[in-house]
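Read the figures in this text as sums done on the coordinates, not as results from a lab. Here the structure is a predicted model, which is why all the values come from computation and not from measurement. No Cβ is skipped: glycine too gets one built from the backbone with ideal geometry, and neighbour counts run over all protein chains shown.
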């Protein structure tokens, strides 16, 4: 199966290509209503065959992507803890419906509250601005998903609007707050650190 050589190291985490051996872990972590209830595209219940199909689709997308090229479809990374190589979640970027790139991520409930989402978003933001050379990144979260809003705020994403997002998986539209971070804002924040 084709895979990517892109690995992104952060302090405690490594963002890396998904592997077929991740399927069981993904299925266990994602087959949790508390993990997926605020997402618009992850089905529930979730099983290992769904995880395998997702991993295969990602391998296919990564096989055609070249560094520096824009993204035509979502690319996802496993979020792996460096200390023990444990998969704790996934994070990805995809072309937005009406704007540049957009984040999506989830962390298994066992790993909540440890700063992993904040660290993964920071690392993928750097990848998007430095390697993909995008001018802005967007993210949306339902208003009651306080944890996700904190992650985005810590990474400099500011609210730019409210709206709805159609969710085929939930069978309805979900209210969302949309956030944005520009390359200029990100670079300014980097120079302060």
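Each label point was placed 7 Å from the Cα along the Cα-to-Cβ direction; for residue 37 and residue 144 their separation is 0.7 nm.
Taking R0 as 25 Å, what FRET efficiency do you get between residue 28 and residue 60 from their Cβ-Cβ distance, rounded to the nearest 0.05?
Numbers: r = 24 Å, r/R0 = 0.96.
About 0.55, to the nearest 0.05.
Sorted from longest to shortest, the spans of the Cα atoms of the chain along the three principal axes equal 42, 37, 32 Å.
Extension gain, residue 19 to residue 153, is 45.2 nm, computed as 0.36 nm per intervening residue step minus the present C-alpha separation.
With one equal scatterer per alpha carbon and no solvent term, the Debye-computed log10 I(q)/I(0) for region 78-121 at 0.15 1/Å reads -0.41.
Computed over every Cα-Cα pair of region 81-191 and binned at 5 Å starting from 0, the pair-distance distribution P(r) comes out as 2, 11, 22, 24, 19, 14, 6, 2, 0 percent. The simple spin-label model puts a point 7 Å past each Cα toward its Cβ; for residue 190 and residue 11 those points are separated by 1.8 nm. Between residue 166 and residue 126, take the C-beta separation as r, use R0 = 35 Å, and let me know the FRET efficiency to the nearest 0.05. About 0.70, to the nearest 0.05.
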